Amino acid sequence: MHGELVIVDDVPGAFAQRVVEAFQARPDDGFSIALSGGETARACYECLATVGAEPIDWWQVDVYWGDERCVALDDPASNFRLGREALLEKVGAANAMYPMRCEEGPDPYQLRLGDVGRLDVIHLGLGKDGHTASLFPDSPALDADPGRLVVRNEDPSGNNPYPRMTLTFSGIERGRLILVTVKGAEKQEAMQAVYDGRDVPAARVRADRVVWLVDPSAAPRT
């Protein structure tokens, strides 16, 4: 597998601490983070809202998203809504928020990310099928042109509903630190596939630094 495997009992706590450390080590005054979705992400952001309340100056933080379902931003399925409820409303405010809007299409988000250059932290999860962000097995986004940072995508299997917008592997690679959080025994098989280097989407994640924060029930057999 690519990256550092860290087995931790408290995945949200480990995630929050890594984000705080990244903020404190940021190369300039600003700081950018791309959020994810799902229940593990919710737990991570609720923890970050507490742990990062004091050490992170949220007025210096620009918030992006790594993927989004094509639903209204206030829809219960929206990753934007999850990030807002679990984190952003609790810390008061961030410098700026840039939700992915499916009606705008991927090009405006691509241009925005191009202006940023690098994201300090990108948070990813892991699906039971081995997907990460909204990069699903056998989907066209897996082979997106290297110049594309954001694309629209769908799950060919139909197991994950809604059309999506998602960072591509090239988009993810622009992160200085990729934090992948994995919890639960139902994710163990997918995590094992990543660890073994099998052909699942999450095994293709590359960046300067990739850290897999995995709880014992999801940990691969080494």
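The values are calculated or read from the model by the stated rules, or taken from the named source; none is laboratory data. Keep in mind the model is a prediction, meaning the values are calculated, not measured. When we count neighbours, we look across all protein chains shown, and the Cβ atoms used for this are built from the backbone with ideal geometry, even at glycine.
Overview of values
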item: Sole residue being touching a residue at least 60 places away in the same chain (Cβ under 8 Å) and among the small types (Gly, Ala, Ser), chosen from Gly92, Gly52, Gly83, Gly66; result: Gly66
item: The one condition in (1) at pLDDT 95 or above; (2) among the small types (Gly, Ala, Ser); (3) touching a Lys or Arg at 6+ places or on another chain (Cβ under 9 Å) that Gly117 fails to fulfil; result: (1)
item: Which listed residue, of Ala72, Ala41, Ala34, is under 22 Å from Gly184 (Cβ atoms) and small (Gly, Ala, Ser); result: Ala41
item: Residues located in segment 147-164, provided they are of a type outside the set (S, T, N, Q) and surrounded by 21 or more Cβ atoms within 10 Å (Cβ to Cβ); result: Leu149, Val150, Val151, Arg164
item: In segment 165-190, the residues that are surrounded by fewer than 22 Cβ atoms within 10 Å (Cβ to Cβ) and either among the hydroxyl-bearing types (Ser, Thr, Tyr) or more than 23 Å from Trp65 (Cβ to Cβ) (or both); result: Ser170, Ala185, Glu186, Gln188, Glu189
item: Candidates Ala203, Ala207, Ala193, Ala133 - the one that is more than 16 Å from the chain's Cα centre (by Cα) and either of a type in the set (A, V, I, L, M, F, W, C) or buried (at least 17 other Cβ atoms within 10 Å of the Cβ) (or both); result: Ala193
item: Yes/no for Gly130 being free of Cβ contacts under 8 Å to residues at least 24 places away in the same chain, assigned to a loop (DSSP other than H, G, I, E, B) and not hydroxyl-bearing (Ser, Thr, Tyr); result: no
item: Subset tally (residues that are within 19 Å of Arg69 (Cβ to Cβ) and not in a helix (DSSP H, G or I)) for segment 99-122; result: 8
